[in-house]
Amino acid sequence: MDRGTPAVSLRNISKRFGQVQANSHIDLDIYRGEILALLGENGSGKTTLMNMLSGIYFPDEGTIAIDGRKVMIDSPRTAIELGIGMIHQHFKLVDVLTAAENIELGLKGKLNLQQATRKIREISDAYGFDVDPQQKIYDMSVSQKQTVEILKVLYRGADILILDEPTAVLTPQETEKLFRVLRNMRDDGKAIVIITHKMHEVLSLSDRVAVLRRGEYVGDMITAETTAQDMTNRMVGHSVTLNIERPEPVDPKPRIKVSGLTVLSDTGVPKLENVSFTAYSGEILGIAGIAGSGQKELLEAIAGLQAVSAGSIAYIEDDGACEELIGKDPLEIQHMGVALSFVPEDRLGMGLVGSMDLDENMMLRTYRSGALPVTDRKLPHQIAQKVVDELEVATPSLHTPVRNLSGGNVQKVLVGREITSAPKVLLTAYAVRGLDINSSYMIYDLLNQQKKKGVAVVYVGEDLDVLLELADRILVLCGGKISGILPGRSATKDEIGLMMTRVGGGAEKNDA
Amino acid sequence: MNFAAFLAELVSFIPRAVVQGIPLLYGSTGETLTEKSGNLNLGIPGVMYVGGISGVVGAFLYDQAVRGRATVDGVLDPQLYDRLLNPFLSIAIPMLSCLLGALLMGLIYCFLTVSLRANQNVTGLALTTFGVGVGNFLGGSLIKLSGSDVPSIALTKISIFFHQPLPFAANLGWFGSLFLSYGFMAYLAVAIALLVSYFLRRTRAGLHLRSVGENPATADAAGINVARYKYAATCVGSMIAGLGGLYYVMDYASGVWSNNAFGDRGWLAIALVIFTIWRPSVGVGASFLFGGLYILHMYIPTGTMLAVKELYKMAPYVVTLIVLILSSLRNKRENQPPQHLGLPYFREER
């Protein structure tokens, strides 16, 4: 198939960070008028590779050619001049500035914000973006921020766009909107690279798929000629099953009963309003909702980390004995068998200490045990070894600071530690955030094992497809209120998507 | 006290508040510019001190040179000395040496915190200690050299060029004394503050600088050279702050340097940055207010209760605390310090 000269052609690209070989001898072509999906497990070097294209990193060896001409991309500015624009996973925006100011950032010439505003409006109209150039970034929703990021690269005249996991933070409706814009841009002759872990997105959006495995280039496929199973096998390097099992809950008993829970933020804004539900043993209760709808507050309230202004949270024993959790301190709640593994956006922020090694991070849970005044180092070491073995954590040693592990491995360490404490209630939030498909399935498997053991699992997730396959029941939060609780086996994605944006869902249909 | 007497008192109070405020205005303008780049330079008191003593060293050397030429047969001819003293050089030499001294301090700070990524608080505090030490060492040496019998050094003649008021100031009554009675460096301070304010708000370089202080990773990804902006803002900021030291000794103190007379003005300048919520234009008025608060205790009759005087001396700091509380209560993002203030930036850190 002749597609002319590639817009970008990477040859023999390598990059290493200390002991980690992030990319090794990669050859990759990117064409105009095509959406290329870049697939790979966590730590397979996708983002590193694209960062070299956008000038954030400089390759240790290899060459980059744009439209057949060899170039040296030594800084983000050079990349911009070459028409390469990258939309990062974590938005690169200055919060206190307006959209227009952010878009103007880094350009040359006299600053003329009026003119910039006009030009931004023109681009917005052309592609159907909805954004106010005068609005400050901190006032914007995630989706609006992403729009600003895309506008930023288009404003600079980029015709090679790289998007690093753009849908991780979007609702299904917003995702669909984004895809429509991306298809418009492809038809406009732009080259688009999208990094994602979500198979169904790869299948519905991309024209071609390129796969990386452990920093090496595996090959590319035409999307229409491949399947999710095939892609996953190539990504992982061996055959994996892509079905999430969902055993029927065995003998479910009420375990946590939340009623009328209300939580206010520091400034008095309700984060949770009159939330009532029951989590059963041996079942996975999925929680869906747009980021910041109260998921964090809900889990933290149960774990005793969040001050509650009204309502009750009861822990119910097998024999029906009830115990109120509100007012207990987090340690007591933990001893009752409630474990919380919350994976925040920066992954390390809560639960793990970046500069400490695996043993020491395990010790955060165990240091109180033992009778001697000195800490017991043997037990945490065993736990760490067990987590590393069972979850296949890729780490040079148990004495590597967790900060130096890739994101997916950090999460395995965190979730693994919580599971080894043999909880009665397992609260997880975003356990697979940013994880590749293979690691994600491993986590789902772990959750299912816990479920079979009779643990009440509360799973806050971002990917609705997964929630629909994994959870027995799905609780949808919308702006701190319960929008509804649906049975996981019969709910549909659209149904949940609408409930996420409007309490109760339904009513007037939006454009999606 | 009747009303007329009160007015007369006020007319004499305000100019004194203004001259107290000017060194603070220089210091806070310089520090604001620095902090906008994300560098929390707590070395500002040291920088201002070094700025002052560098100016004094320059003036002293020039004074010695002129003295040498005006000495006939081992006796100084005062009239010849006055004639030989060139107004331009009298201003340019102290000013350039002041800028050079302050620039060196800024460079030390940048090299340590930007290039070597040392802790900014520690570096800043060390720089203050270092600056005051250097100042006292040089000051002490000059006092020794000049063979003065009081522990200070007087460059009275040269300082005249610094605190020359604008023409007509004397003939215009209260208007003259309120607005025209200051040396040129007072007007320069206001001009610089307004200029920096304009720079930060309206120019592209200003926008870039703000983004560096708020979110250097973003600025970097946008193709802005973070280190260069940090260096430039901190060095220029240090030079502006250094001028505050120069103003203090050459204008306010009429060319008389004595060790440690500069006092805690450097810290007040840093407090002023917070007070003005990082806006140099607000600093113009605020610095005069601080200047007034600084000398308020001299105008309030407290009798023999010296302790009460000490309480009044706390006023600027108390006001700063109140502003801090108010601005964090309102919790408006624009009124917060630059988000990356005090943190080092390293591109490949993960």
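Read-outs throughout are calculated quantities, based only on the coordinates presented, and are distinct from any laboratory measurement. These numbers were taken from a predicted model, which means no experiment stands behind them. Every residue, glycine among them, receives a Cβ derived from its backbone with ideal geometry; neighbour counts consider all protein chains shown.
Per residue, the average separation of C-alpha pairs within less than 8 Å and at least 6 apart gives chain A a relative contact order of 15 percent.
For the peptide B:198-210, the mean number of other protein chain Cβ atoms found within 10 angstrom of a residue's Cβ is 3. Taking the centroid of alpha carbons for each part, segment A:373-418 and segment A:3-34 are 32 Å apart. Net length available on complete extension from A:Asp266 to A:Asp329 is 20.7 nm, with 0.36 nm assigned per residue and the Cα-Cα distance removed.
Report summary: the helix-based calculation at 222 nm, which adds -39500 (n - 2.57) for every DSSP H run with n ≥ 4 and divides by the residues of the protein assembly as shown, gives -15000 deg cm²/dmol. Under the criterion of Cα pairs below 8 Å and six or more residues apart, the relative contact order for chain B equals 36 percent. The Cα atoms of segment A:8-236 define a convex hull whose projected area, averaged across directions, is 12.4 nm². For A:Lys386, the aspartates and glutamates whose Cα falls under 20 Å of its own Cα, not counting residues fewer than eight places away in the same chain, are A:Asp357, A:Asp359, A:Glu360, A:Asp376, A:Glu418, A:Asp445. Please report the antiparallel percentage of DSSP beta bridges with both residues in the protein assembly as shown, rounded to the nearest 5. Antiparallel bridges make up about 55 percent of those DSSP assigns within the protein assembly as shown.
Counts of other chain beta carbons within 10 angstrom of each beta carbon in peptide B:215-228 average 6.
The alpha-carbon atoms of chain A define a convex hull whose volume equals 165 cubic angstrom per residue.
With the highest mean first, a sort of the peptides B:215-225, A:63-73, A:168-178 on other beta-carbon atoms found within 10 angstrom per residue produces B:215-225, A:168-178, A:63-73. Averaged over residues, the count of other Cβ atoms within 10 Å places the peptides B:103-109, B:179-185 in the sequence B:103-109, B:179-185, highest first. One compactness figure for the protein assembly as shown is 1.16, namely its Cα radius of gyration divided by 2.2 N^0.38 Å. Return the subset of A:Lys253/A:Lys328; A:Lys253/A:Lys412; A:Lys46/A:Lys110; A:Lys152/A:Lys271; A:Lys190/A:Lys493 for which the Cα-Cα distance in this structure is over 26 Å, preserving the input order. Exceeds cut-off: A:Lys253/A:Lys412; A:Lys46/A:Lys110; A:Lys152/A:Lys271; A:Lys190/A:Lys493.
Oblate is the label for chain B, because the ratio a/c of its alpha-carbon gyration tensor axes (a ≥ b ≥ c) is 1.5 or higher and a/b is not greater than b/c. Each Lys and Arg adds +1 at its Cβ and each Asp and Glu adds -1 at its Cβ; summed about the Cα centre, segment A:352-422 shows a dipole of about 180 debye. Within the same chain, aspartates and glutamates fewer than 8 places from A:Lys198 are excluded, and of the rest, those with a Cα less than 13 Å from its Cα are A:Glu41, A:Asp164, A:Glu165, A:Asp436, A:Glu462, A:Asp463, A:Asp465.
Counting only Cβ charges, +1 for Lys and Arg and -1 for Asp and Glu, the dipole size of the protein assembly as shown around its Cα centre is about 2020 debye. Could you please state, rounded to a whole Å, how far the C-alpha centre of segment B:178-241 is from the C-alpha centre of segment B:1-72? Each part reduced to its Cα centre gives a spacing of 20 Å. Put simply, segment A:1-137 fits an ellipsoid with semi-axes of 31, 18, 15 Å; these come from the alpha carbon gyration tensor as the roots of five times its eigenvalues, largest first. Taking chain B as the region of interest, the number of lysine pairs whose Cα atoms are within less than 26 Å, with members eight or more places apart or on different chains, is 4. Relative to one another, the C-alpha centroids of segment A:260-338 and segment A:193-247 are positioned 37 Å apart. DSSP beta bridges fully contained in chain A are about 55 percent antiparallel.
Taking Cα centre as origin and charging only the Cβ of basic (Lys, Arg, +1) and acidic (Asp, Glu, -1) residues, the dipole magnitude of chain B rounds to 860 debye. Lys/Arg Cβ at +1, Asp/Glu Cβ at -1, dipole of segment A:352-422 taken about the Cα centre: which of A:Tyr367, A:Gln382, A:Gly408 is farthest positive-ward? Towards the positive end, the residue furthest out is A:Tyr367. Shape summary: segment A:352-422 maps onto an equivalent ellipsoid whose semi-axes, from the alpha-carbon gyration tensor, are 20, 13, 10 Å in decreasing order.
Across segment A:411-449, the residues whose backbone nitrogen lies under 20 Å from the label position 7 Å along the beta-carbon direction of A:Asp251 are A:422-426, A:448-449.
Peptide A:85-91 has a mean shielding of 1, counted as Cβ atoms of other protein chains within 10 Å of each residue's Cβ. Each peptide in A:221-234, A:304-317 receives the mean, over its residues, of other Cβ atoms within 10 Å, and ordering these scores from highest gives A:304-317, A:221-234.
The mean sequence separation of alpha-carbon pairs under 8 Å and at least six residues apart, normalised by the residue count of segment A:335-493, gives a relative contact order of 23 percent.
Report the residues of segment A:6-24 in range of a label on A:Val71: point 7 Å along Cα→C-beta, backbone N strictly under 19 Å from it. Flagged as within label range: A:6-14.
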